[in-house]
Structure formats: C-alpha cells, structure tokens
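Q: Structure in structure tokens, see below.
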Amino acid sequence: MDVIKKAIEQGRKMLSEHESKKLLAAYGIPVTKERLARNVGELKQAASDIGYPIVLKGHSPSLAHKTEKGLIRVDIRNEQEAIEAFNEITENVENNEKAVLVQEMIKGQRELVVGLTRDPQFGPCVMFGLGGIFTEILKDISFRVAPLEKHDALEMMREIKGHKILDAVRGMPAADIDALADILIAVGRIGLENDDVKEIDINPLILQGSKPVAVDALVVLDPNGA
Amino acid sequence: MDNKKLQNMRYLFNPSNVAVVGASQNPGKLGFHVMKSLTQGGYNGEIIPINPSAQEIMGHRAFKSLDSYAHDIDLVIVVVPAKFVPHVFRECANKGVKGIVLITAGFKEIEDPLGAELHEQIRSIAEDAHIPVIGPNTFGMINFHAGLNSSFTPEFSRIRKGKVALVSQSGGMSHLMGFLAIREDMGFSKIVGIGNRLNVDFAEMLEYLSHDPDTRAVALYVEGIDEARSLLQAARDCTKIKPIVAYKTGSARVGDMASASHTGSVAGDYDIYNAAFKQAGIIPVVDSQQLLDTAKALAHCPIPSGNGIAILSGQAGPGMAASDVCEKHGLNIARFTDSTQARINELLPPLALRTNPVDMGPAWYDASAIAGIVEAVLNDENVDAILLYMMFASANADAIERMTGLLQQWNQQKPIISCLLSPPGIWDDQVRDLEQKGALVNYPTPERAALALAGLWKYANKPQRFNKLNEPNKPNEPNERIDPMTLID
C-alpha cells in the first residue's frame, strides 16, 4: 500500500489519521468524508463540499491523541465558526504542516472500538469492543485470530458484556451486524496482507443509526515486523 | 508430521518391548523409579534394563548397552545425564528404535547455551531417524490400556484406565490431574508429559490422538506454545473427530515469567489464547477441576442435539443452583410438552414446582414416582439433556436402585449428568456402577454437573466449518462431524 510505503520511507512509525483512513477505505471500511485543508480557502471549499456540521482536527503524522492537545473542534455549523476554529487549531499545531482535517460530523451515541494487534505466537489478531472514552476503563473487548470468518466476527460481537448495544435499544435502530462483521474481517485482512502494519486502532467506530463509520483511526507501523 | 514418525508413535505407545537406559538399583536415581513403574504397572512386554554395571535389575536381565541386546527394541526410556544423551540417541537411530521417552533434563530450559546446543543435536538425530521423542525434561508417559507406565512415578498406575488422554506441559499438573482423577473415580487412556517438546509438540500429539481408538476426548494443559498456528490447525482437524478441552495458565504477569523459564518459550496473551482456542474448536476451561470435569463428560456422554435442558431434582435447592449455572452458559431450561407435563402432574402432588426445573421432593417417599418422572422427561422431544440430582435422605434410600434399571436401559440416548450424593458408602457403589455402565456421568456438586453439561453443549455447538489458516478466501467445505461414540466398540 502506497500510503504505508511512503510513511516508512520517511522514517515514520505511524500513519496520520487521514492516511490511516485511506488504508481502511482501500479495504472497504466505511470512513468519514474528510479532506485536508492547508489554508482558509481550502477550508471553505472542503466545508462546503462535505456539508455542515463539520469537525475540524489538527492534522499531523505524529499526533496520536488529539483531544488531549486541544486540537479538535466539533459541531461547527457555519463558515464563521469554521474559520475561527481553523485559526485556533493551527496556532497549536507545532510543525510546519499547518493543515487541518475537515471531517463530516457523525451523529451517533454508540461508540465501538475495532483494533488489530500482532501477537508473537498467533500473528495478527482483531479486537472488538465498547469504544470511546470507556475503552480503557471497561476493557469490554473480545479477540479473534486472523483470518476471520463471518461466524468468528458474529461470535466475537456477541461475546462482549455490552453486546446489547448492538440491538435496537432506546429508540435507536439495531446495528448493521453484517457491515460490522465485514469491517472486522477486513481489519484482519489488513494485518495478514501488510507485514509493516503493527497495530490498528479504530476508535471510535460510531453507529450512525445502524451504519458503522470509522470516525478516528490510527495505524502503527513496524517496518521490521512480520 | 511425516508418515514414518506417525507410524512410530504407535509403537512408542504400544511397544512390544521397552529398554531403560540408566536403569538403576539405587532408589536415589530416577532410573530406579522408572524400573519400578515399568515392572509394577502391569506391562506384559519385555523390560530391558541397560546398565553397564549390573547383571539384573528388579528381576530383569540387564545389558551393557542397547547394542548388546540382540533383538529389535521398540521403546527406549532415557534417564541418563544430558551429556550422554547424544550417544544414546545415535545408538537408538542405528538400532531402528521406534520411540523414545527422554526423561533427562538440562537442555533448552537451562540458562547454559550448551543445553540448547545439545537439544539441537539430539533433535536432528531423532528427526533424521523419524523417531518421536516424548520430552526432554518430563516425568514420562503412561498408556493405561497397555499397562505401560514409562514414568518415574509408579503410583500413576493406580489410576484406572479410561477414555480421556491428558497431554500436559507440566509434570506437576499431570501428577495433580492424575491423582485428583483417582479421588474422583475417573480414568485416563494416556497421560503424556510433553516436557520441552524435542520433536513431539501438542500438534503431533493431537494428530496421533485423533486416531487413537482408546481415546475419546483430549485434555490439554498449556503454558506456552512455540508453533501456535500448527497447534491450531491440528486442533481444528482433531475436533472434527473428538473433542479437545484445554487449560492454559500464565495470564498473570508472574505466571508469564514462570512460563518463560519453565518451558523456554514465549507465552502469549491470555485473551488471545482463549480466542484462538475457540476458533480452533477447543473448549477453554479456567481451572484444573474444570479440565477434568469437562473431559469426563466429553468422554462419556453423547453429544446433545440441542440446548434444551431438563433439571430433575430430588430437592429444590440443588435444582436452583443448577438453573443459575445453566442460564449463564447458554443452556435453555426446556418447556415440557403437554403430555410430559401431564404425566409429571399425575406423579407429583401440587406441593412444589412441577414445571422445569422439577422439584421431585414431594415424591420423596415414592421411588417409582421418581422413576416415572425421569422416564417421561427422557422421552420429551424438547429435552436434549438431563441434569438429575438427588441428595440422600434416609427415606429415599432406595431411589437410585429404583432408577437403575430404567437408566441402564435408556443408556444415555440423551446425555444424563447427575449429582447423586450420599454419605460415603451408601450410594457409592450403585452410582459407580451406573457410571461404569455408561448410564450417566456423576459429579459431587450440582454446579459442577451443570458446568460439565455446558461444556458438552459448547462442543456440540461449535462451528462446523474450519478453513485452513493459510487460505482465508477458500470457500467453506461442509465437514461431517464424526460422533466419537461410533468410533469405539
């Protein structure tokens, strides 16, 4: 995958959020509509193409945890707010690339996490669980060793304690289980087909209605991995 | 595993004769205890002690070396120091020995790199000669159906022969399981300590045991594995024929470190092992007792065709305890058909719950009513398996006797797992008799019984399609699951 090769040539250990999502999209995983904007002109264009409300994120290949650095602005509803947010964010970004990721805002209360890790014994393993800020606190997760089959994906989703979140609950529609299963299988494939990929974090994967969308993503590289 | 090596494994476990290199008269040496195990274990083949300074050991003529024994030797047990082992292995290769149990330690697991060198040296001798080796660094192995105790613990022979094969990475755990089994009145087909796995690892044992007619279920004790993918593939192939239940330790940090030095390998993360086991159709358990309990049920019960459970209890309490366990583990408390329920209502006064779970307490004085209820429920189409509980209470002393004929005749057409508990010496013989006739499988507590049934259901419910690990895109092929009951007499 080009986006991986480029990063490795540059000596980087991670893909940016935008690059990570390109990788995911190449494997059929639904991601947010988004564009990079390097200046106000590009910002206005991107925002109008994507449609308000939008989210702006400070963009840099070395940013792993954006919320902690005050680099996200959500629910931006018009151009005025967008420009203000752009200026605030780019002040805080420390490197030369003063770019901002302009992203559609996904509305959904249910946040899931999907990940990939490379186990020294078993190779690439896919993780699924409750996402968002509770991921590390609840650790309500399940694993399967890649390659995953459909029944593996379905089983692992039912295994987490909070699995009922996938049902039609509290007025929200049931999650599209097939779409979720496809995502889990695809993440496994990324691990099997790209030895340079060490870890993947899709958190949150938000259910917009019934449809899962990857809202944030991180791909960690290890050029010596196999 | 190459064909010759697999063939040789059959001779390893069923040898026509056994030599002991390092046999000894001295109780301070392991070679003494190995000889004791062989001679006292009921083995019918020839026992050949190899010891350059003895004429005979424990009544068997001793030889100076393997070469000085004129005929072929099937199995050699090696219990001499590590530095002599390469020479012994070369002798074995020259002599066409078919299997080796290498009890000696001091190879990969010690810190001295010389150990690892020796390990590699003997490994290549064994592989070139297609000789399967159990060990090194093991207590040995026992084949109960051949009266063959090739270990340094003669008391393993007190365990009765059965249908579960235990393959263990720890000697200590093997002794634990073995002696616990005696107390639980359970038997084994084989107990194998794979030790430091020279060229026989879990994968090779599973391949061999898949076709071992003495074994109906396999129990594994795992600390860390080197060849994870080949284990998973071997497990997927094996579970198509017979069930595997596995207990893995080393999830705690401390455990992990002990694992690394104990087996010289890198242990993987607990969650991932659990996942990998499930994907391979292996049933994971969380402690030693559960390993035995689940293996016992898997070896002695038919596979249920569904998860509809009937709980029949002589007293309400144990039945309740069981219901809780059942619900937690995906078992369904079945709804009886109208005719079954009507029959139960005839036999039980309306003093307690007559629907499932059934409290048979009100009929405590009437053993034939109890038998009638059991019979009706056995024949109910919504019921796939039965949990049968009875606590002894003087007035119901003949309850087991009254059910014996029916249970024997029924012969577990559907699994019957029981907790029939009395003070020692009262019902023991009757229950043991029923177990040995295959009429039911008994446990000391209602929860253990329910959990064992849950294990049975886990095996019944596993996905039928297992693709090879290297071919993620291959279309699924329907696999016929072979009912292990049909493989044995």
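Coordinate-derived values only; no laboratory data. Just so it is clear, the structure is predicted and the values come from calculations on it, not from any experiment. Every residue, glycine as well, gets a Cβ built from its backbone with ideal geometry; the counts of neighbours run over all protein chains shown.
Q: Starting from the Cα of B:K278, draw a straight line to each of the lysines and keep only those under 19 Å, dropping any in the same chain fewer than 8 residues away.
A: Hits, sequence-local ones excluded: A:K150, A:K161, B:K240, B:K242, B:K248, B:K328, B:K458, B:K462, B:K468.
Q: By the gyration tensor of its Cα atoms, with a ≥ b ≥ c the square roots of the eigenvalues, what is the shape of the protein assembly as shown: rounded for a/c under 1.5, prolate for a/b over b/c, or oblate? It would help to have the intermediate numbers written out before the result.
A: Working: a/c = 3.01, a/b = 1.34, b/c = 2.24.
In terms of gyration-tensor shape, oblate.
Q: Under a cut-off of 18 Å between alpha-carbon atoms, report the lysines in cross-link reach of B:K5, not counting same-chain residues fewer than 8 places apart.
A: B:K95, B:K98
Q: How well do other chains shield peptide A:122-131, expressed as the mean number of their Cβ atoms within 10 Å of each residue Cβ?
A: On the way: counts 13, 5, 0, 6, 1, 3, 0, 0, 0, 0.
For peptide A:122-131, the averaged partner shielding equals 3.
Q: Need the full-extension length gain, B:N345 to B:D428, defined as separation in residues times 0.36 nm minus the C-alpha distance. One decimal, nm. Write out the running numbers ahead of the final one.
A: Details: separation 83, 0.36 × 83 = 29.88 nm, distance 3.08 nm.
Residue separation times 0.36 nm, minus the Cα-Cα distance, leaves 26.8 nm.
Q: List every residue whose amide H lies under 5 Å from the amide H of B:V80, counting only residues 5 or more places away in sequence or on a different chain, with H placed 1.01 Å from N in the peptide plane.
A: B:T104
Q: Another question, then. Quick one: if you stick a label point 7 Å off each Cα along the C-beta vector at B:N26 and A:K6, how many nm between them?
A: That separation, rounded to one decimal, is 7.4 nm.
Q: Something else: Ignoring everything except DSSP H segments at least 4 long, calculate the 222 nm mean residue ellipticity for chain B; use -39,500 (n - 2.57) per segment, divide by total residues, nearest 500.
A: The helix-only estimate for chain B comes to -12000 deg cm²/dmol at 222 nm.
Q: Taking 30 Å as R0, compute the FRET efficiency from the Cβ-Cβ separation of B:D226 and B:A54 and round it to 0.05. Don't skip to the end; give the middle numbers.
A: On the way: r = 39 Å, r/R0 = 1.29.
Efficiency, from the Cβ-Cβ distance: 0.20.
Q: Please list 3J(HN,Hα) in residue order for the stretch A:21-28, calculated via the Karplus relation 6.51 cos²θ - 1.76 cosθ + 1.60 where θ = phi - 60°; whole Hz, with x for glycine and proline.
A: So the J values, rounded to whole Hz, are 5, 5, 4, 4, 4, 4, 9, x.
Q: Between the stretch A:2-46 and the stretch B:19-38, what is the separation of their alpha carbon centroids in Å?
A: What the calculation gives is 69 Å, centre to centre.
Q: I've got another one for you. Fully extended, how many nm does the chain gain between B:S68 and B:D128 (0.36 nm per residue separation, minus their Cα-Cα distance)? Mind showing how you got there, number by number?
A: Details: separation 60, 0.36 × 60 = 21.60 nm, distance 2.31 nm.
Stretched fully, the B:S68-B:D128 segment lengthens by 19.3 nm.
Q: Grab the other residues whose beta carbon is less than 9 angstrom from that of A:R35, score K and R as +1, D and E as -1, and report the net.
A: On the way: positive: A:K33; negative: A:E34, A:E42, A:D49.
Every neighbour counted, the sum reads -2.
Q: Can you grab the distance from the C-alpha centre of the stretch B:284-305 to the C-alpha centre of the stretch B:387-415, Å, no decimals?
A: Cα centroid of the stretch B:284-305 versus Cα centroid of the stretch B:387-415: 21 Å apart.
Q: Which whole number gives the average count of other chain Cβ atoms within 10 Å of the Cβ atoms across peptide B:273-283? All intermediate terms of the calculation are to be shown ahead of the outcome.
A: On the way: counts 5, 3, 13, 8, 1, 8, 12, 1, 0, 0, 0.
Mean shielding count: 5.
Q: Could you tell me which of rounded, prolate or oblate describes the stretch B:303-460, using a ≥ b ≥ c as the square roots of the eigenvalues of the alpha-carbon gyration tensor, with rounded for a/c under 1.5 and, failing that, prolate when a/b is larger than b/c and oblate otherwise? Write out the running numbers ahead of the final one.
A: On the way: a/c = 1.37, a/b = 1.09, b/c = 1.26.
Cα axes put the stretch B:303-460 in the rounded bin.
Q: Given a Förster distance of 56 Å, report the FRET efficiency between B:E111 and A:H151 from their Cβ-Cβ distance, rounded to the nearest 0.05.
A: The value I calculate is 0.80.
Q: Report the extension gain between B:Q7 and B:Q409 in nm, rounded to one decimal, defined as 0.36 nm multiplied by the number of residues separating them, less their alpha carbon distance.
A: On the way: separation 402, 0.36 × 402 = 144.72 nm, distance 3.98 nm.
Length gained, B:Q7 through B:Q409: 140.7 nm.
Q: List the aspartates and glutamates whose Cα lies under 12 Å from the Cα of B:K161, skipping any in the same chain that are fewer than 8 positions away.
A: Cross-link targets: B:D185, B:D214.
Q: Turning to a different aspect of this structure: At R0 = 45 Å, how high is the FRET efficiency between B:T337 and B:I182 if r is their beta carbon distance? Nearest 0.05 is fine. The partial results should precede the final answer.
A: Values: r = 42 Å, r/R0 = 0.94.
Here the calculated transfer efficiency is 0.60.
Q: Report the Cα centroid-to-centroid distance between the stretch B:142-167 and the stretch B:227-251 in angstrom, as an integer.
A: What the calculation gives is 22 Å, centre to centre.
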